[in-house]
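One structure is given here, and the rest of the page talks about it.
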Amino acid sequence: MVMKSAVEDDDAGWGLGIPEKMKNNANWVDITHEFKGACKELNLGELLHDKLFGLFEAMSAIEMMDPKMDAGMIGNQVNRKVLNFEQAIKESVIKVKDLSLPELIGIIDTCFCCLITWLEGHSLAQTVFTCLYVHNPDLIEEPALKSFALGILKVCDIAREKVNKAAVFEEEDFQAMTYGFKMANNVTDLRVTGMLKDVEDELQRKVKGTRSRQGEQRNPEVELEHQQWLALFNRIKFTRLILTALIAFTKKETSSVGEAQKLVAQAADILSAIHSSIQHGIQSQNDTTKGDHPIMMGFEPLVNQRLLPPTFPRYAKIIKREDMVAYFSKLIERIKTVCDVINTTNLHGILDFFSEFSEQSPCVLSRSLLQTTFLIDNKKVFGTHLMQDMIKDALRYFVSPPVLSYKCCLFNNHQAKDYIDSFVTHCSRPFCSLIQIHGHNRARQRDKLGHILEEFATLQDEAEKVDAALHSLLMKLEPQRQHLACLGTWILYHNLRIMIQYLLSGFELELYSMHEYYYIYWYLSEFLYAWLMSTLSRADSSQMAEERITEEQVKGRSSKKTKKKKKVRPLSKEITMSQAYQNMCAGMYKTMVALDMDGKVHKPQFELDSEQVRYEHRFAPFNSVVTPPPVHYIQFKEMSDLKKYNPPPGSADLYLAASKHFQQAKLILENVTSPDPEVNRILKVAKPNIVVMKLLAGGHKKETKALPEFDFSAHKYFPVVKII
Amino acid sequence: MATMIEENGPSSHEQPEVSSSSQARLKLEGLLNKNMRIRMTDGRTLVGLFLCTDRDCNVILGSAQEFLKSTDTFSQGEPRVLGLAMIPGHHVVSIEVEADNLEDTQGFVANH
């Protein structure tokens, strides 16, 4: 077993912790025999330990020679020399010039796979930097490989910078550690793209030179060469386009986002050509289908083994080359979607955009790009608009508060201006955080949503105070107008949306047990959606009141405007959707209660907890919110008590009622003009549930004790109930 | 703290002082928190503070560092910081303690 120290020069930092005396040649005395003898005297199971050290501490020790915990063991058990780049060149096991085309293609493809694996959350040391070439591109003499190595490093560097800046990752998403690797910082971005472009032009000449001419007898060897030149050309071009697109994202102007979109679209066009030429590249010598590290020239999976942290090793399974193109094309699709965000200018639209984007569980790079495109340097939206202005626009759109209306005397009142400006300034941080939360992965979002409710509770309080102050000002100036609960309604609306999302995401993340469904759906339908709808209708009437005043003022000049009464209310779509959601939740609630009556819900034997404990845990984050007030378990039990009805409904009545709710949801959704995919998804659940509930109400399979199944495949939040 | 010690298994102090086993215990206790160098079956060497052992000679070292080759000088290769590490008894090849710490463990060596 020969093992060379793979990293002699660049990990000097690890040695800093050694106490001085250990560096000196201390006198070591062998006590193996005595020690082992003394150990044998101990009783079975007895631990000899220091007073301050016990089993508890011992548990966190890593076990040596256990392949699952001991990262150092793997490197030590390989029967080959682990060489770093310089050593490998010296021993001429790696070429730095005159590489064959298949070698170049194979190396590039493997690098792409490593890049993707890194983006999927593995460490750089175990992915991209297993490629020896990127350790020091200056040593590469082959121009195509050199520019490619630099290009990959730049891509990594920009991606890392974007992800770090956006700060929407957790350890499960991304490893930000660079282990001191040099990311081609001595070369400018422009120089690298220039080098790639030069190589690309050169390759294009080769491609043209080997192209078949009309009437020519095609030599299969020339044809093969042509294919290989083309394969290399496409790979270099792809690298350049991706790099240039990422560079465009680092610019501050919004126009560069459009440019990035064009570039990635061009890159996407090359992907199929790359996919069809994968077989031209050299393959690794070992079987990588199980996700093993490819072993081939230029790659040494163990070169960084000693850089890994002392936690148990995480194996980085490098993705297969066959999957590479599919990943890239999805990534590019996501980046294209991200670029579309600049077309949305109102805050509510942006919030919807972020939450819709997040629903497809995008990768950390695209999530980060979305964040950094939205808030450039955390100051201005898209680099141009002030967050405060966006908030004012959102307020105008949502409740049309008199204070923000040009026609109102408050608009130019100094005091009113101070009130509203300071409120809007206070809003901007929580709203930026809310948008940032939507950039996190789905599981983390829920946790963070629970926490941000505290900030919104503070805003709510302020909104109400500002409303009151503005109202008393307005009463003095224009007694016929009101400024009641305008800002408060708007904050309440966001509060409710966050609370609803918090509860619903629990279904998506499969956090709830079946026996918990009923109180979750109850809370949603009877409480949160009811509040949401009254909030929306209050906003709507506030809008109408404002419009009436504007109309009256306009009336004097022209009578034309009054005919435009039939225009669509801006909030009507949202009100309709809330009604549908509420009916879906109510239907699910009644279904669950009825199933429970029939003994078809498995309830755990509560030993250490009770339903109340679980209930309180589920709704714990809502305790920080003042409006709407949290519903405590006792209140919930009282409010949902069926005995208050005379006669109390049986399971058949409840199934029928549930069926009606689903029916109602279906009716509402079918009347939606221009239905979006979400409408269709809910309909896919509502329709079968109508039928199932009618069957159950008719006593179908009443005696069966088999538990029903809940199929969330059609919709994340509402299941299709299946009786087996 | 008191409960912690109880949880951590029988404390050696409560053992009667006469038997050979209690002598062995005393010896081992004398080594606690001393720098120890353990060579493993795969050729690696760990250096760290001796914290805990048991009948099967499983040893726990604190602030352990891993050296790839057993050498007297550490010139060959830099160590890797491991932290708390447990070496299973059957992988222990040799155990050494630092000499300047040996004065108070003299009894240990002299008694063999």
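A quick yes/no check of all residues on (1) touching a residue at least 24 places away in the same chain (Cβ under 8 Å); (2) surrounded by fewer than 20 Cβ atoms within 10 Å (Cβ to Cβ); (3) in a loop (DSSP other than H, G, I, E, B):
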| residue | (1), (2), (3) |
| --- | --- |
| A:Met588 | yes, no, no |
| A:Thr591 | yes, no, no |
| A:Ala594 | yes, no, no |
| A:Phe606 | no, yes, yes |
| A:Lys637 | no, yes, no |
| A:Lys643 | no, yes, no |
| A:Lys684 | yes, yes, no |
| A:Glu703 | no, yes, yes |
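Do we have any residue at all in region A:168-183 that's touching a His at 6+ places or on another chain (Cβ under 8 Å), surrounded by 15 or more Cβ atoms within 10 Å (Cβ to Cβ), of a type in the set (S, T, N, Q) and more than 27 Å from A:Lys330 (Cα to Cα)? For region A:168-183, residues touching a His at 6+ places or on another chain (Cβ under 8 Å), surrounded by 15 or more Cβ atoms within 10 Å (Cβ to Cβ), of a type in the set (S, T, N, Q) and more than 27 Å from A:Lys330 (Cα to Cα): absent. Applying the set (1) at the interface with chain A (Cβ under 7 Å from one of its Cβ atoms); (2) at pLDDT 90 or above to B:Asp72 leaves exactly one unmet item: (2). Here region B:84-100 is the region considered, the condition is being among the hydrophobic types (A, V, I, L, M, F, W, C) and in a strand (DSSP E or B), and the residue that is surrounded by the most Cβ atoms within 10 Å (Cβ to Cβ) is B:Ile87. Every condition in (1) surrounded by fewer than 20 Cβ atoms within 10 Å (Cβ to Cβ); (2) modelled with pLDDT of 90 or more; (3) not polar (S, T, N, Q) is met by A:Phe312 except one, and the failing one is (2). Which of the residues belonging to region A:645-676 are within 18 Å of A:Lys701 (Cβ to Cβ) and part of a loop (DSSP other than H, G, I, E, B)? Matches in region A:645-676: A:Gly650 only. Would you call A:Gln436 within 22 Å of the chain's Cα centre (by Cα), part of a helix (DSSP H, G or I) and outside the structural domain of A:Gln579 (by the TED database)? It is true that A:Gln436 is within 22 Å of the chain's Cα centre (by Cα), part of a helix (DSSP H, G or I) and outside the structural domain of A:Gln579 (by the TED database).
Here A:Ala268, A:Ala248, A:Ala260 are screened, and the one residue that is assigned by the TED database to the domain that holds A:Glu333, crowded, with 20+ Cβ neighbours inside 10 Å, at negative phi and touching a residue at least 60 places away in the same chain (Cβ under 8 Å) is A:Ala260. What's the number of the condition A:Ala457 fails, among (1) among the small types (Gly, Ala, Ser); (2) in a helix (DSSP H, G or I); (3) under 23 Å from A:Glu170 (Cβ atoms)? Every condition holds for A:Ala457 apart from (3). Among the candidates A:Ser624, A:Ser659, the residue that is small (Gly, Ala, Ser) and either out of contact with any Lys or Arg (no Cβ under 7 Å at 6 or more places or on another chain) or free of Cβ contacts under 8 Å to residues at least 40 places away in the same chain (or both) is uniquely A:Ser624.
Scanning region A:371-389 for residues that are over 22 Å from A:Ser358 (Cα atoms) and of a type in the set (Val, Ile, Thr) turns up just one, A:Thr384. Yes or no: region A:687-709 includes at least one residue that is hydroxyl-bearing (Ser, Thr, Tyr), out of contact with any helix residue (DSSP H, G or I) (no Cβ under 8 Å at 6 or more places or on another chain) and under 26 Å from A:Asp352 (Cβ atoms). So far as region A:687-709 goes, no, none of its residues is hydroxyl-bearing (Ser, Thr, Tyr), out of contact with any helix residue (DSSP H, G or I) (no Cβ under 8 Å at 6 or more places or on another chain) and under 26 Å from A:Asp352 (Cβ atoms). The residues of region B:44-54 that are farther than 13 Å from B:Val92 by Cβ and either modelled with pLDDT under 90 or facing chain A (nearest Cβ under 7 Å) (or both), listed by number, are B:Val47, B:Leu51, B:Cys52.
Screening A:Leu434 on (1) over 20 Å from A:Val625 (Cβ atoms); (2) at pLDDT 95 or above shows it passes everything except condition (1).
From the set of residues in region A:123-141 that are in contact with a helix residue (DSSP H, G or I) (Cβ under 6 Å, 6 or more places away or on another chain) and under 17 Å from A:Arg191 (Cβ atoms), which is surrounded by the fewest Cβ atoms within 10 Å (Cβ to Cβ)? Taking the candidates together, the pick is A:Asn136. When region A:73-88 is limited to residues that are under 12 Å from A:Glu300 (Cα atoms) and at pLDDT below 70, the one that is nearest to the other protein chains (Cβ to nearest Cβ) turns out to be A:Gly75. Report whether or not A:Thr425 is hydroxyl-bearing (Ser, Thr, Tyr), surrounded by fewer than 17 Cβ atoms within 10 Å (Cβ to Cβ) and touching a helix residue (DSSP H, G or I) at 6+ places or on another chain (Cβ under 7 Å). Yes, satisfied. Of all residues assigned to region A:59-73, at least one qualifies as being in contact with a Lys or Arg (Cβ under 8 Å, 6 or more places away or on another chain), touching a residue at least 24 places away in the same chain (Cβ under 8 Å) and assigned to a helix (DSSP H, G or I).
The values are calculated or read from the model by the stated rules, or taken from the named source; none is laboratory data. A quick note: this is a predicted structure, and the numbers were derived from the prediction, not measured. Every residue, glycine among them, receives a Cβ derived from its backbone with ideal geometry; neighbour counts consider all protein chains shown.
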